[in-house]
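The structure under discussion is supplied below as structure tokens; questions concerning it will follow.
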Amino acid sequence: MFLHKTNFLMRALYPQFVWRKPSDEKKIYLTFDDGPIPEVTEFVLETLEKYQAKATFFCIGDNINKNPGIFRKVIGAGHSVGNHTFNHLRGWATDDVTYFENSVRCKTEIEKFGIETNLFRPPYGRIKRSQARSLLPNHEIIMWDVLSGDFSQNLSPETVLKKTIKHTEAGSIVLFHDSTKANKRMAYALPRFLEHFSSQEFQFSRL
Ligand SMILES: [Zn+2]
């Protein structure tokens, strides 16, 4: 079970994290976690381009290391990238030193491409307060207010699309995955989501 829309309570518990970017402008912030990987990330890039959409990719350092060419395509297309640790660590199950070192390793991997980023998203959205404290001086910790649920094998692609559209509003940070596990649902929902909000004159911006 999970909530498609993060609720007020969660946001109130962690006000130092970024959950959405409210404004009067019709902007949506799409984010893609867990790439870069062949085919799936490339599909996302092609789909975004059709709608002149910019997005933010929270990359796993190990995937950047294995797929440098795909990572270059992401940055070459003008999207932002963020740190998602090197090995997709689960914060609640990891000691603070290991967690911090693993995030630095991802940052170093990104810097090999001449990119500096202060955006960080904890894998699974789970991070201890002590881990957040060590990152916050140099990072913006980016969460989301709309979870597409594309990773859930219990959801149909149609449900993922419908719920994601329903919960998105101006300033929303929306989470999709460019991962093999999510691909079937993401590949169905993403182009239709972009079509829906483009026709209402929304813009898709990077963080
Ligand atoms: Zn992740």
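The values are calculated or read from the model by the stated rules, or taken from the named source; none is laboratory data. Please read all numbers here as calculations on a predicted model, not as lab measurements. Using ideal geometry, Cβ is built from the backbone for each residue, glycine included, and neighbour counts are taken over all protein chains shown. When the accessible area is computed, the model is the full protein with side chains, heavy atoms only, and any ligands, DNA or RNA have been set aside. Shrake-Rupley method; radii C 1.70, N 1.55, O 1.52, S 1.80 Å.
Residue pairs, Cβ under 6 Å, 6 or more apart or interchain, first in the stretch 111-136 and part of a helix (DSSP H, G or I), second more than 16 Å from the ligand (Cβ to nearest atom) and modelled with pLDDT of 95 or more. List them.
Sorted first by the residue in the stretch 111-136, then by its partner, the pairs are Ser130/Asp96; Gln131/Asp96; Ser134/Phe100.
Quick check: anything in the stretch 5-17 of a type in the set (A, V, I, L, M, F, W, C), at pLDDT 95 or above and more than 16 Å from the chain's Cα centre (by Cα)?
no
Next question. Answer yes or no as to whether Leu9 is surrounded by fewer than 23 Cβ atoms within 10 Å (Cβ to Cβ), without any contact (Cβ under 8 Å) to a residue 24 or more places away in the chain and either over 21 Å from Leu194 (Cα atoms) or of a type in the set (Asp, Glu) (or both).
yes
Name the residues in the stretch 173-197 that are open to solvent by 40 Å² or more (accessible area, probe 1.4 Å) and under 14 Å from Thr47 (Cβ atoms), would you?
Within the stretch 173-197, Asn183, Tyr188, Arg192, Glu195, His196 qualify.
I would also like to ask the following. Could you run through the stretch 87-102 and say how many residues are more than 12 Å from the ligand (Cβ to nearest atom) and either among the charged types (D, E, K, R) or open to solvent by 10 Å² or more (accessible area, probe 1.4 Å) (or both)?
The qualifying residues number 10.
Further question: Can you find, within the stretch 67-87, the residue that is nearest to Glu111 (Cα to Cα) among those that are outside any loop (DSSP other than H, G, I, E, B) and of a type in the set (S, T, N, Q)?
Among those that are outside any loop (DSSP other than H, G, I, E, B) and of a type in the set (S, T, N, Q), it is Asn83.
Among the residues of the stretch 152-172, are any within 15 Å of the chain's Cα centre (by Cα) and surrounded by fewer than 19 Cβ atoms within 10 Å (Cβ to Cβ)?
Checked the stretch 152-172: at least one residue is within 15 Å of the chain's Cα centre (by Cα) and surrounded by fewer than 19 Cβ atoms within 10 Å (Cβ to Cβ).
Moving on to the next point. In this structure, is Leu45 open to solvent by less than 30 Å² (accessible area, probe 1.4 Å) and either in contact with a strand residue (DSSP E or B) (Cβ under 8 Å, 6 or more places away or on another chain) or away from the ligand (no atom under 16 Å from the Cβ) (or both)?
In short, yes.
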